[in-house]
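These notes concern the structure reproduced below.
Taken together, the values in this text are just the output of simple stated rules run on the coordinates, not laboratory data. Values in this document were obtained by computation on a predicted structure and should not be read as measured data. Here the Cβ positions follow ideal geometry from the backbone for every residue, glycine too, while neighbour counts run over all protein chains shown.
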């Protein structure tokens, strides 16, 4: 089945500066749910609205596919919890020793959820991925605007 995930990239010129994955192909009893995974922003572009714009675009794409509940997780040590909370995600709980840190050792994970802003009624659409998407790039703190946002096709 195609359309199980959408990978969004934020570009500054030709340089990829951020990415996020929206997972849509979940269990059959969860057609109303989507998962936000692997939000990443280049260190050089943090604090410029890249992650916020990617999350907002992922949420709007989830809503277009009738997903009303979004979930995500983040490391308790150095994760993006403050960003998620500013964007309306609510902490469901913390699981101790959930995953390995890149430098070794275990870290707790924080599980978040959010009811999507506006869901359209109807059957979930697990439709096509890969069309070009352009949104207004973020601008903050006097930084130059980013050049565009593109939705990359899922690998086949």
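Between residue 106 and residue 4, what's the calculated FRET efficiency when r is the beta-carbon distance and R0 is 25 Å? Round to 0.05.
Working: r = 29 Å, r/R0 = 1.17.
Calculated value: 0.30.
The label-point distance for residue 76 and residue 38, in a model that sets each label 7 Å from Cα toward Cβ, rounds to 2.6 nm.
Given a Förster distance of 30 Å, report the FRET efficiency between residue 52 and residue 27 from their Cβ-Cβ distance, rounded to the nearest 0.05. Kindly include the intermediate steps, with their values, before the conclusion.
Values: r = 29 Å, r/R0 = 0.97.
After rounding to 0.05, the efficiency reads 0.55.
By the beta-carbon count within 10 Å of each Cβ, the least crowded to most crowded order of 24, 61, fewest first, is 61, 24. One decimal place: the segment residue 16-residue 87 gains 23.3 nm when fully extended, by the rule 0.36 nm per residue minus the C-alpha distance. Fewest-first ordering of 77, 25 by other beta carbons within 10 Å of each residue's beta carbon gives 77, 25.
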